[in-house]
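The values are calculated or read from the model by the stated rules, or taken from the named source; none is laboratory data. This one's a predicted model, so the numbers in the text were calculated from it and none came from an experiment. All Cβ positions, glycine included, derive from the backbone under ideal geometry; neighbour counts span all protein chains shown. All accessible areas refer to the heavy atoms of the entire protein, side chains included, with ligands and DNA or RNA removed. Shrake-Rupley method; radii C 1.70, N 1.55, O 1.52, S 1.80 Å.
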Amino acid sequence: MIQEIALVTSLLAGSTIVLGGIVEGYGYGLSLGTNWPYTNNMIDVARKGDPEAIHRITATLTGILALVALILDPGLTTVLGLVAVAATALLGMATLYVLAGKLPSLFQGLHDIAAYTTFVIYLLLFAGFRGNLLTFFEQAVLPPHFLYFVIFMGGWVTGTRKMRKPIGDVRRPKGRLQWVWVVHGLAAGIFVISLILLHYWLTLGVAVLEGLVGLLVYRTVNSNPEKPGASIALHQLFSILTVVAILLNSGII
């Protein structure tokens, strides 16, 4: 039963990440203001199609299932899973203040790391991972898991532009936003090189597609910075698929 719960929790965590991309892509970042975690008539707001409300509801369901998993199977993995959920939630609140200009933009990057960590932990629990989870995440900042740094910098880009500013011409970076994007792009390049050296061909294929979607995001953000559209959610989806591909290529799952 614990594996089924872990699978649903991982799927919910992944769905919440993609919903976060929809929130950004269609201009709903502060649709509920900085009220957190809930606002009045949350269910009614969600029924009207506000993706930010739906995003918060799926995040709550993720947390509830994480608690159930801990009760049914107390151990390091489920404890870390619940900690990751709590960190994602708290950093989600911080993200609202980033968008409101009250906190540094790096909190958005930290939020994204916590969200992906939640997804990974419950995917590993579903797959029956029996290794040292702490060691696994110690290595998560090095190739091939350098993707974590790419994700962090991507979140930093989002926080810096506050979901409403264009990135601009990065060929001659001038402002902070453009330099953060450049570092994000360089990190992605290093990640791709590491995949080639490791012969992680499945991950490489997915990562190349993710990079192409990233360039699409760059164009759509510059064309319509407040509502760049579905490209943001698609970018998040390919990031999730890249994480899964890493786990498959490394033989962890």
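Structure values in brief
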{"item": "Within the range 1-101, helices (runs of 4 or more DSSP H) holding 2 or more residues that are closer than 24 Å to Ile253 by Cα and open to solvent by less than 70 Å² (accessible area, probe 1.4 Å)", "result": "2-25, 51-72, 76-99"}
{"item": "Of all residues in the range 218-253 being without any contact (Cβ under 8 Å) to a residue 60 or more places away in the chain and under 15 Å from the mean Cα position of the chain (by Cα), the one that is least open to solvent (accessible area, probe 1.4 Å)", "result": "Phe238"}
{"item": "Count of residues meeting criterion [over 21 Å from Leu125 (Cα atoms) and touching a helix residue (DSSP H, G or I) at 6+ places or on another chain (Cβ under 9 Å)] in the range 216-253", "result": "18"}
{"item": "Residue in the range 51-67 that is in contact with a helix residue (DSSP H, G or I) (Cβ under 7 Å, 6 or more places away or on another chain), small (Gly, Ala, Ser) and in contact (Cβ under 8 Å) with a residue 40 or more places away in the chain present", "result": "yes"}
{"item": "Filter result (under 23 Å from Arg164 (Cα atoms), in contact with a Ser or Thr (Cβ under 9 Å, 6 or more places away or on another chain) and of a type in the set (A, V, I, L, M)) within the range 1-53", "result": "Ile17, Leu19, Val23, Leu32, Val45, Ala53"}
